[in-house]
Structure formats: C-alpha cells, structure tokens
1. If a residue has to be under 16 Å from VAL280 (Cα atoms), in contact with a Ser or Thr (Cβ under 7 Å, 6 or more places away or on another chain) and not in a strand (DSSP E or B) to count, how many in region 174-221 make the cut?
2. Against the condition touching a Leu at 6+ places or on another chain (Cβ under 7 Å), hydroxyl-bearing (Ser, Thr, Tyr) and assigned by TED's automatic domain parsing to the domain that holds GLY159, how does THR61 come out, does it pass?
3. What is the residue count in region 219-235 for residues that are touching a residue at least 24 places away in the same chain (Cβ under 8 Å) and within 28 Å of the chain's Cα centre (by Cα)?
4. From the set of residues in region 258-282 that are among the acidic types (Asp, Glu) and not in a strand (DSSP E or B), which is surrounded by the fewest Cβ atoms within 10 Å (Cβ to Cβ)?
5. What is the number of the single condition among (1) in a strand (DSSP E or B); (2) out of contact with any helix residue (DSSP H, G or I) (no Cβ under 8 Å at 6 or more places or on another chain) that TYR77 does not meet?
6. Quick one: which residue in VAL94, VAL119, VAL134, VAL161 is touching a Pro at 6+ places or on another chain (Cβ under 7 Å), without any contact (Cβ under 8 Å) to a residue 60 or more places away in the chain, assigned by TED's automatic domain parsing to the domain that holds THR36 and aliphatic (A, V, I, L, M)?
7. Listed residues VAL178, VAL197; which is among the β-branched types (Val, Ile, Thr) and over 30 Å from GLY89 (Cα atoms)?
8. Could you figure out which of (1) farther than 28 Å from GLU139 by Cα; (2) of a type in the set (Gly, Ala, Ser); (3) surrounded by fewer than 16 Cβ atoms within 10 Å (Cβ to Cβ); (4) touching a residue at least 24 places away in the same chain (Cβ under 8 Å) isn't true of ALA216?
Amino acid sequence: MSNQAAGRAAAILAVAIGTIALSGCISLGPKTVDDTPDGVPSPASTETAGSPAPDDLIVRTADTELRLDSLPAEAGYEGMPDDVPAITGDDLYVFVRQDGWMLFAEQRGGDVVGCGMDVSEPEITDLGKGWWKVANRSEADTYALWLQAASGPGLPIGGTVGSSQAYVKWTTETTFGVPATSSLDLTRNSDGDGGSVELHLRDLTTPLNAVKATVALGGGEESVDLPLSIPDWACDQPGDLTLFSRLSPEQMATLGTDDAVDYDVELFLDGTTYTAAGTVDAASSAEPTWTPALP
C-alpha cells in the first residue's frame with residue numbers, strides 16, 4: 001500500500017472510530033464527580049457510609065453528599081439495614097461513575113397489610129456526565145430507597161462490567177397526586193384446563209366500601225360473561241384492588257384460538273359505575289381507558 005493510500009486508510013479509520021465513540025458505542029471512561037451538569041448541588045458537608053470503592057454510588061442533596069459503600073446484590077431482597085444514612089428532600093442527585101451504567105431506584109414504604117412493602121417508583125432523569133436526578137412523585141413519608149447502578153446490554157465497548165447498590169433512608173417532604181391506573185390480564189392455561197381473567201386497580205382514592213364488577217369477553221353472540229370478585233389470595237395495599245374470575249375449558253373454547261380477545265368491563269365502586277372496552281391478549285396486559293376516569 002502506498003504512503004498516500006495508507007494515509008487515506010488511517011484517516012478513514014480515525015473518522016470511523018471517532019464516529020463510533022461519539023455515538024456511544026465505545027466507552028469514554030469513568031466520569032468525574034466534580035464535573036457536574038447544571039442543577040446538581042455542591043454541598044459543603046460530606047458523609048461516608050462504610051468504605052466506598054471508586055465505583056460506588058454518591059448521593060447529593062443541597063446540604064449533604066453521601067458516599068455509599070456498595071451492599072451485596074441480595075440486599076435488595078433482604079430489606080434495609082438499620083444503620084443506613086438518612087437524607088431529606090424531594091429531589092436527590094446520584095452519581096454513577098462508570099460510563100454506560102444505568103440507574104434503577106425504588107421507594108419502599110411500610111407493610112400496612114402484611115403482604116410486603118408498599119412499593120413505588122420515583123421519577124429518574126439522566127442529567128448527563130454520570131449524574132441522575134431522583135425525584136419523589138409519591139406521598140410525603142419516610143422510605144427505604146433502593147438504588148442500584150449496573151452495566152447491561154447497552155454497555156459501550158470497553159466499558160466496565162459491574163454494579164453498585166445501596167439503601168438510603170429517604171424522608172420526602174411533598175405529597176404528589178398519584179393517578180389511578182389499571183390493567184387487565186387474560187391467562188390461557190397451557191394444559192388446556194381453562195384460564196382466568198384478572199383486573200388490577202391501583203392508587204384509587206375511593207374507600208372501596210362497595211365493589212362489583214363484570215366482564216364480557218369475546219363480543220357478539222359468542223361472548224363469555226363473567227362476574228369478577230376479590231380472590232382469597234389477594235393481598236392489596238390501601239387504594240389497590242384485585243378482581244378475578246376463572247374461565248372453564250368450555251368458556252375458553254368459546255373465545256376461540258385468536259390471540260386477541262375483545263373485552264367490555266363494567267365496574268361499580270362506591271356508588272359510581274365505570275366502563276371500559278378494548279382488546280386483550282395472553283401475551284401482555286391491557287390498560288383499560290375508563291369512562292368516567294377512575295377516582
């Protein structure tokens with residue numbers, strides 16, 4: 001290859017590598033904690049929990065920076081230790097040092113009904129430069145905040161594989177209105193022995209003193225009409241509701257073998273009737289749109 005050709009090849013290779021790096025396919029290396037985007041506070045006070053490694057999480061509020069020793073991954077299932085640091089405020093800022101790692105956060109409240117913690121997700125925003133904003137969007141309360149940063153399928157070439165996770169005792173100051181949501185699930189038993197339909201309602205503001213629901217599946221003359229009721233195994237947090245009905249093999253046969261099934265739900269809650277119609281299949285949950293909107 002001539003020197004001129006070699007030079008052209010080298011230039012093309014350099015442009016290609018630069019393009020890949022700019023597109024995020026090649027790791028740009030660890031981030032620097034002091035290189036902060038606009039809006040990230042620079043508190044005067046720093047506290048340390050344990051003996052944090054370079055890739056462990058850093059959490060900031062306007063007043064305090066916490067450097068958190070990573071816990072074992074199974075800590076996410078075992079619950080918050082008693083000696084975790086506490087922090088107050090509706091907005092937290094979390095530094096994730098390694099390029100390409102993603103942040104996951106979960107607010108875990110009390111176990112009001114004996115069925116496990118009341119779990120909600122804060123709003124997470126990638127601010128760039130390794131910084132993430134974690135914002136409360138639930139009630140003002142004290143939570144076990146589980147934070148986990150880890151590599152994944154989107155890790156850039158040359159990026160570091162690993163994870164870091166920690167708890168923070170998080171006291172939020174503002175109550176945010178959480179909209180009611182719902183999902184409808186149709187299950188076809190793999191052994192051909194019928195199936196079931198479940199309606200899940202979450203974050204309702206009505207007291208749920210009077211509840212009644214029916215669902216029509218299939219539509220037309222071949223529809224299957226079912227009453228929905230609270231199953232014995234349901235264990236819902238306050239404001240949540242699970243309604244359920246089994247489908248016999250004969251009823252499943254009436255619905256046919258098409259993946260998608262039409263549904264029409266009528267729901268009575270505390271003196272008000274709500275209706276929703278759409279299509280559901282066994283592969284994924286439907287998200288009904290209600291008239292009027294759920295309380």
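The values are calculated or read from the model by the stated rules, or taken from the named source; none is laboratory data. Note that the coordinates shown come from a computational prediction; the quantities given were computed from them, not determined experimentally. Virtual Cβ from ideal backbone geometry, glycine too; neighbours counted across all protein chains shown.
1. Here the count works out to 1.
2. Details: touching a Leu at 6+ places or on another chain (Cβ under 7 Å): yes; hydroxyl-bearing (Ser, Thr, Tyr): yes; assigned by TED's automatic domain parsing to the domain that holds GLY159: yes.
Yes.
3. 2
4. In the first step, residues of region 258-282 are kept if they are among the acidic types (Asp, Glu); the result is 258-259, 262, 264, 266, 270, 281.
Imposing the further condition that a residue be not in a strand (DSSP E or B) reduces the set to 258-259, 270.
Values: ASP258: 9, ASP259: 12, ASP270: 12.
The qualifying residue surrounded by the fewest Cβ atoms within 10 Å (Cβ to Cβ) is ASP258.
5. Here TYR77 meets the rest and fails (1).
6. Values: VAL94 fails: touching a Pro at 6+ places or on another chain (Cβ under 7 Å); VAL119 fails: touching a Pro at 6+ places or on another chain (Cβ under 7 Å); VAL161 fails: touching a Pro at 6+ places or on another chain (Cβ under 7 Å).
Among VAL94, VAL119, VAL134, VAL161, only VAL134 is touching a Pro at 6+ places or on another chain (Cβ under 7 Å), without any contact (Cβ under 8 Å) to a residue 60 or more places away in the chain, assigned by TED's automatic domain parsing to the domain that holds THR36 and aliphatic (A, V, I, L, M).
7. Numbers: VAL178 fails: over 30 Å from GLY89 (Cα atoms).
Answer to the check: VAL197.
8. Unmet for ALA216, out of (1) farther than 28 Å from GLU139 by Cα; (2) of a type in the set (Gly, Ala, Ser); (3) surrounded by fewer than 16 Cβ atoms within 10 Å (Cβ to Cβ); (4) touching a residue at least 24 places away in the same chain (Cβ under 8 Å): (3).
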